[in-house]
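J.: Next up is a structure, given as structure tokens.
The values are calculated or read from the model by the stated rules, or taken from the named source; none is laboratory data. For clarity, every value in this text was computed on a predicted model and none was experimentally measured. Using ideal geometry, Cβ is built from the backbone for each residue, glycine included, and neighbour counts are taken over all protein chains shown. We work out accessible area using only protein heavy atoms, side chains counted, and drop any ligands, DNA or RNA first. Shrake-Rupley method; radii C 1.70, N 1.55, O 1.52, S 1.80 Å.
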Amino acid sequence: GTQNKPACVRYDLLQEHAGIDVRAMWPASNERGPGADAWTWDTFLKAAEACHKAGVPFGLPMGQFTDAVDWVGAMFLSYGARITNAKGEPTIKGNDKLKQAIDYGVRLSKFLPNDVWAWDDASNNRALISGKSALVFNPPSAWAVAKRDNPAVAEKCWTIPMPAGPEGRFLAYLPYTTGIWSFGKNKAAAKAMLEFLTQRESAEFTTNTSGGYDIPPFATMSDFKVWETQGPPVGTISNYPLKPHHQAKTSIAFDPAPPELASQMYIQALNTKVIARVAQGGESIDQAMAWLEREINNMRRG
């Protein structure tokens, strides 16, 4: 179930309306192509505006579900916008990087469908599959369903890394982990099973079975052949796993907050809500940041 959430692009629409050839930038050959260095959030904003004007807006959820929280979390980190330190203490006052990230989210939201604030995790999939969106952030599930329900869309999709920001390129990442209960009566067998499941041969079998959806447990496994062979078009999800030439890091929203606090901020979608308070609620960025700090302090007090 572990997944990345890079950009799944309708390469024909992005090239037609924004003049960006994503297959040239990010080919299915484990190397960067011409223009890859220019794949930044600034470029992304211009492309979003162009596709919005053309009637095929980017399908980016901004609500309280994982797809929204994850991609906004990666965008925040690419601006260096951390809202707490590792102790969970708010780092909001005077945080110009956070202000910059919120401002970007507000400006980008103007070029998204009006109802993205209420979208769930299926809404962006439907936008892509219906042929009404030029880009979503998603694992290959939306593309896989399009293969079945709308093949004409699927054959024009290409997965590429998320854009880079001033602090680098971050990839939205939703890991699933497996543990062993401390009170378990057969820990030795359970540990042996987990060791077996994480071996390369087992992990590749699982990833092949999922059609390339499941991200394996180790970075050295990003060379499985399944991502090169899936289609149509062949190579469409080659850049789905994080690879060295992406020059990126995985992102878990609200890093580096302690898990107990981060899980509360995640469930409450504080990163998308702070953008919504400006874009939808009419607050200033400073007012929204003050609200964000109050929310975090309330969570810390329990």
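J.: Scan the helices (runs of 4 or more DSSP H) fully inside the range 10-119 and keep the ones with 3 or more residues being under 18 Å from Trp291 (Cβ atoms) and either open to solvent by less than 60 Å² (accessible area, probe 1.4 Å) or not aliphatic (A, V, I, L, M) (or both).
T.: On the way: elements: 11-18, 22-25, 41-53, 66-78, 96-109.
Where helices (runs of 4 or more DSSP H) fall fully within the range 10-119 and carry at least 3 residues being under 18 Å from Trp291 (Cβ atoms) and either open to solvent by less than 60 Å² (accessible area, probe 1.4 Å) or not aliphatic (A, V, I, L, M) (or both), they are 66-78, 96-109.
J.: If you don't mind, another one. May I ask you to list the residues in the range 258-291 that are closer than 16 Å to Phe170 by Cβ and aliphatic (A, V, I, L, M)?
T.: Of everything in the range 258-291, just one residue is closer than 16 Å to Phe170 by Cβ and aliphatic (A, V, I, L, M), namely Ala262.
J.: Right, something else. Quick one: Arg126 ticks every box in (1) out of contact with any Pro (no Cβ under 9 Å at 6 or more places or on another chain); (2) open to solvent by less than 40 Å² (accessible area, probe 1.4 Å) except a single one, so which number is it?
T.: (2)
Conditions (1) within 18 Å of the chain's Cα centre (by Cα); (2) more than 25 Å from Ser222 (Cβ to Cβ), marked per residue:
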| position | (1), (2) |
| --- | --- |
| Val9 | yes, no |
| Arg23 | no, no |
| Asn30 | no, no |
| Gly33 | no, no |
| Thr40 | yes, no |
| Lys46 | no, yes |
| Pro57 | yes, yes |
| Met62 | yes, yes |
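J.: Does Thr220 meet the test of being of a type in the set (Val, Ile, Thr), assigned to a helix (DSSP H, G or I) and either open to solvent by 80 Å² or more (accessible area, probe 1.4 Å) or at pLDDT below 95 (or both)?
T.: Numbers: of a type in the set (Val, Ile, Thr): yes; assigned to a helix (DSSP H, G or I): yes; either open to solvent by 80 Å² or more (accessible area, probe 1.4 Å) or at pLDDT below 95 (or both): yes.
Yes, satisfied.
For every residue, the table says whether it meets (1) more than 28 Å from Phe111 (Cα to Cα); (2) in contact with a Ser or Thr (Cβ under 9 Å, 6 or more places away or on another chain); (3) assigned to a strand (DSSP E or B); (4) not acidic (Asp, Glu).
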position: Pro232; (1), (2), (3), (4): yes, no, no, yes
position: Ala257; (1), (2), (3), (4): yes, yes, no, yes
position: Leu261; (1), (2), (3), (4): yes, yes, no, yes
position: Val274; (1), (2), (3), (4): no, no, no, yes
position: Arg277; (1), (2), (3), (4): no, no, no, yes
position: Arg294; (1), (2), (3), (4): yes, no, no, yes
position: Asn297; (1), (2), (3), (4): yes, no, no, yes
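J.: I've got another one for you. Hey, among the residues in the range 138-165 that are without any contact (Cβ under 8 Å) to a residue 60 or more places away in the chain and not in a loop (DSSP other than H, G, I, E, B), which one's most open to solvent (accessible area, probe 1.4 Å)?
T.: Going through the range 138-165, the residues without any contact (Cβ under 8 Å) to a residue 60 or more places away in the chain turn out to be 145-146, 148-150, 152.
Next cut, not in a loop (DSSP other than H, G, I, E, B) only: 145-146, 148-149, 152.
Working: Val145: 49, Ala146: 0, Arg148: 172, Asp149: 89, Ala152: 60 Å².
Only one residue fits best here, namely Arg148.
J.: If we keep just the residues of the range 166-217 that are aromatic (Phe, Trp, Tyr) and open to solvent by 100 Å² or more (accessible area, probe 1.4 Å), which is farthest from Tyr104 (Cα to Cα)?
T.: Restricting attention to the range 166-217, the residues satisfying the condition of being aromatic (Phe, Trp, Tyr) are 170, 173, 176, 181, 183, 196, 205, 213.
Narrowing further to those that are open to solvent by 100 Å² or more (accessible area, probe 1.4 Å): 176, 181, 183, 196, 205.
On the way: Tyr176: 30, Trp181: 43, Phe183: 48, Phe196: 45, Phe205: 41 Å.
So, considering only residues that are aromatic (Phe, Trp, Tyr) and open to solvent by 100 Å² or more (accessible area, probe 1.4 Å), the one farthest from Tyr104 (Cα to Cα) is Phe183.
J.: Exactly one of these conditions fails for Ala288: (1) out of contact with any Lys or Arg (no Cβ under 7 Å at 6 or more places or on another chain); (2) in contact (Cβ under 8 Å) with a residue 24 or more places away in the chain. Give me its number.
T.: Among (1) out of contact with any Lys or Arg (no Cβ under 7 Å at 6 or more places or on another chain); (2) in contact (Cβ under 8 Å) with a residue 24 or more places away in the chain, Ala288 violates only (1).
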